1. Considering only lysines 8 or more places apart in sequence, or on different chains, count the pairs in segment A:233-316 whose C-alpha atoms sit under 22 Å apart.
2. Averaging over every viewing direction, what projected area does the convex hull of the Cα atoms of segment A:184-276 cover, in nm²?
3. Among bridges DSSP assigns within the protein assembly as shown, what percent are antiparallel (round to 5)?
4. Averaging sequence separations of C-alpha pairs under 8 Å and six or more residues apart, then dividing by the length of chain B, give the relative contact order as a whole percent.
5. Nearest 0.05, what FRET efficiency do residue B:291 and residue A:15 give at R0 = 41 Å with Cβ-Cβ as r?
6. Taking the Cβ of residue A:259 as the centre, find all other residues whose Cβ is under 9 Å away and add up their charges (Lys, Arg: +1; Asp, Glu: -1).
7. As I understand it, the value is the acute angle between the Cα axis of helix B:297-310 and the longest principal axis of the Cα atoms of chain B; what does it come to in degrees, rounded to 10?
8. List the lysines whose alpha-carbon lies under 17 Å from that of residue A:201, not counting same-chain residues fewer than 8 positions away?
Number of protein chains: 2
Amino acid sequence: MKCRKCGERAVINMRQHKLALCKEHYLEWLPDQVERAIEKYQMFGREERILVAVSGGKDSLSLWDILHRLGYQAEGLYIGLGIDGGLDYSENSHRMCEKFAATHGLTLRVEDIAQRYGASIPEAASISNRGRGRPCSVCGMVKRHVMNRVARDGGFDVLVTGHNLDDEVAVLMQNTLHWAGGYLVRQAPVLPASHPGLARKAKPFCRTYERETAAYALLRGIDYIYDECVYALGSTTLYYKDILNQMEAKRPGAKLQFYLSFLEAKEGGLFALQPEPGALNVCGTCGQPTSAPGKCSFCRLWDKVHAVKEAALPASPAPS
Amino acid sequence: MKCRKCGERAVINMRQHKLALCKEHYLEWLPDQVERAIEKYQMFGREERILVAVSGGKDSLSLWDILHRLGYQAEGLYIGLGIDGGLDYSENSHRMCEKFAATHGLTLRVEDIAQRYGASIPEAASISNRGRGRPCSVCGMVKRHVMNRVARDGGFDVLVTGHNLDDEVAVLMQNTLHWAGGYLVRQAPVLPASHPGLARKAKPFCRTYERETAAYALLRGIDYIYDECVYALGSTTLYYKDILNQMEAKRPGAKLQFYLSFLEAKEGGLFALQPEPGALNVCGTCGQPTSAPGKCSFCRLWDKVHAVKEAALPASPAPS
């Protein structure tokens, strides 16, 4: 297999694009694709300050690398979740982010959940009783809050995440199979800052296959954490990814086609339902927007965690 | 496994409904389910004349049987397509329909395509050059035309087909993965007669799994043709059915949930796009509605078939 551009030995063959490329041209091609997505969906400009949420994985570190190479002003944000899972998951992922930032002379902001709020994600989740034994819903909610706070307090124009095409189509498939209209109309490559306290959000990898971000990280020599979070195993998202991988294997390009035709249909006015614009309340405690009046779910979570921890009963009942 | 209703030995366990039934109660339960679908979607009433399109397969014959048992006035329509496929497919399916009608004292109308129009479906399809080597698109178009004509000329109120849930979700999945808005908004358990020359169409099995219609046919002793049409092998529909079967195996009820949540979302106003109501033209030759002005595609098909057959060149070139 030869590189389409120079005829040298190709290192990657992308059946979905009918395109094989050598290392050099692949490392040019992907940033070019990302630049096109940024422009097409009007995500942000070079004069804007960008906060990239980095997890230490291939997607977010490759994205930070590409944004930097493309000349965007991107700082990193690492959120320490306190997940061990027998792999020192959080510690290793933190190290990868620090290493990347140091190597490229970039600024990394670090937020440690346990340090700031008094409990790790797994501990907070187990106290909260949300998510049927999995901390994923608590984790998502906390990350969204913290990312938003850091973006707002740091004066960033936009918050960027490394969600790739595989992530996006898995969510799309799930929402489609349930015909979850409210979620469908909100899924987009860029979400405007619909409220003063909410950051604009963008996903420059939304058209990029997971395999393409992995290849990029490897070829660029980016050190990243290979392990998935232990809590992701057996998750609903992985179930939909499995289905979509089978479809992609049979029909290369199926995922991209599914995603792009969705965006096109939405743009073309398929849906009557519109994303809820605002009418949001503001949490009296943290000042972030919240759907219901009163304290937001983030603040209620920590209230409960602190109350439980402070009132902690002795491990064994007192002798009667 | 015991019958939920009487405790006798169950003959079928429907994980999607968390319901196991004995033969007697299953043969009561399915007609009851069909009756509910007919009422819920306002398909037709007992005073109306119903034309059931029967293919000789388990779905359409079971449906005819159930409609008859429920006291509806249902005549059958068999369309002879002239498909052999090494199995005498059309001949055998015709025999099954005749046998069923005779056993139950019901009226079967028969339309033979080759006899009436001068070529079988495979021959017409090969002359027409439509459908990339498969006669399926020509076959569908011809069947729709003939069903509609017989329903109209026979003074029927409604045309009913045996499409089951598996058929419906395969189409839904295909249209969803392509976000084919026009098709999505038109997919429904019942389509009103949007034009004087078009029959109302209904699918009373739209919530019934294929496995349930097969079990019904077997338990009722209905003789039906087991073979799929040879041209269905490797079809796009079977590809989507495969995917959906895997999902159903992992999550019993997934197909029904997908279909019902789609209907609910549509009913709830998810889509802005509306099914095109009318603005249809009428074919000057056959009098049926057609989307474009002039002759309809059905009449153009047969014009071409007749022209090619009449001008047929000698099989071998004349000696020079």
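1. Numbers: A:241/A:250; A:241/A:255; A:255/A:266; A:295/A:304; A:295/A:309.
So the count works out to 5.
2. Values: hull surface 34.8 nm².
Average projection, Cα convex hull of segment A:184-276: 8.7 nm².
3. Numbers: 17 of 51 bridges.
Roughly 35 percent of the DSSP beta bridges within the protein assembly as shown come out antiparallel.
4. Working: 471 pairs, mean separation 60.1, N = 320.
Answer for chain B is 19 percent.
5. Details: r = 36 Å, r/R0 = 0.88.
FRET efficiency, residue B:291 to residue A:15: 0.70.
6. Details: positive: A:207, A:255; negative: A:168.
Local net charge: +1.
7. So the inclination is approximately 50 degrees.
8. Within the straight-line limit of under 17 Å, residue A:201 reaches these lysines: A:40, A:143.
None of the figures in this text is laboratory data; all of them are computed from the coordinates on show. These numbers were taken from a predicted model, which means no experiment stands behind them. Cβ atoms come from the backbone with ideal geometry, glycine included; neighbour counts cover every protein chain shown.
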